[in-house]
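Data first, discussion second: the structure below is written as structure tokens.
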Amino acid sequence: MAITPFGKGRETETDSPPRASSAPSGTAAGPGGLTAFIDQGSEFEGKLSFRDTVRIDGRFRGEITSENTLIVGECGEIEATIRSNTVAISGTVTGDVIAKLKVVLHKTAVVDGNVEAPSLVVEEGATLNGQLKMPAPEGKKIGAGPVKAVGGGGDAGAQVPPKA
């Protein structure tokens, strides 16, 4: 059984161009694939930053920054501020979660902290104790600016007579 490393540079020949992989989904099979895995029983403290997808099933305390996806497995216990494009939580997170695209709270998720994301998916059974802020997705504006009165004719300065 061969063990392949995660992340970029998985090619065994140093001069060969990247090629498509026929590996099943959920493996470290290409750009955006799983690049790191912190397994149950592991404990880390500090700052974690990554570009692709990371799954945490162990304990982590500190700060997490991602350019892609963070997956917190059912056994994952996170005490951190999380900033990522997408965050999928099945375990426990204590701290704020800030996502540019989406946060998914699976049925076993427990989040004690504020969540900020333009899209939120919550399965029945998930727990969220904190404030939710849902800004517009990047590049989209909500509303058209200040409210203006639109008249259907007549004098814009006309007053309505009081009721008798």
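Things worth noting here:
- Some residue of region 76-94 being surrounded by fewer than 19 Cβ atoms within 10 Å (Cβ to Cβ) and assigned to a loop (DSSP other than H, G, I, E, B): no
- Residues (in a loop (DSSP other than H, G, I, E, B) and either in contact (Cβ under 8 Å) with a residue 60 or more places away in the chain or not basic (K, R) (or both)) located in region 37-59: D39, Q40, G41, S42, D52, D57, G58
- Inside region 92-112, residues that are more than 14 Å from the chain's Cα centre (by Cα) and not polar (S, T, N, Q) make up a count of 3.
- Every pair of residues 6+ apart whose Cβ atoms lie under 9 Å, when the first sits in region 61-75 and is in a strand (DSSP E or B) while the second is among the aromatic types (F, W, Y): R61/F44; G62/F44; I64/F50; T65/F50; S66/F50; L70/F50; V72/F60
FYI, it's all coordinate maths here, none of it is from the lab. Values in this document were obtained by computation on a predicted structure and should not be read as measured data. Note: ideal-geometry Cβ built from the backbone for every residue, glycine included; neighbour counts use all protein chains shown.
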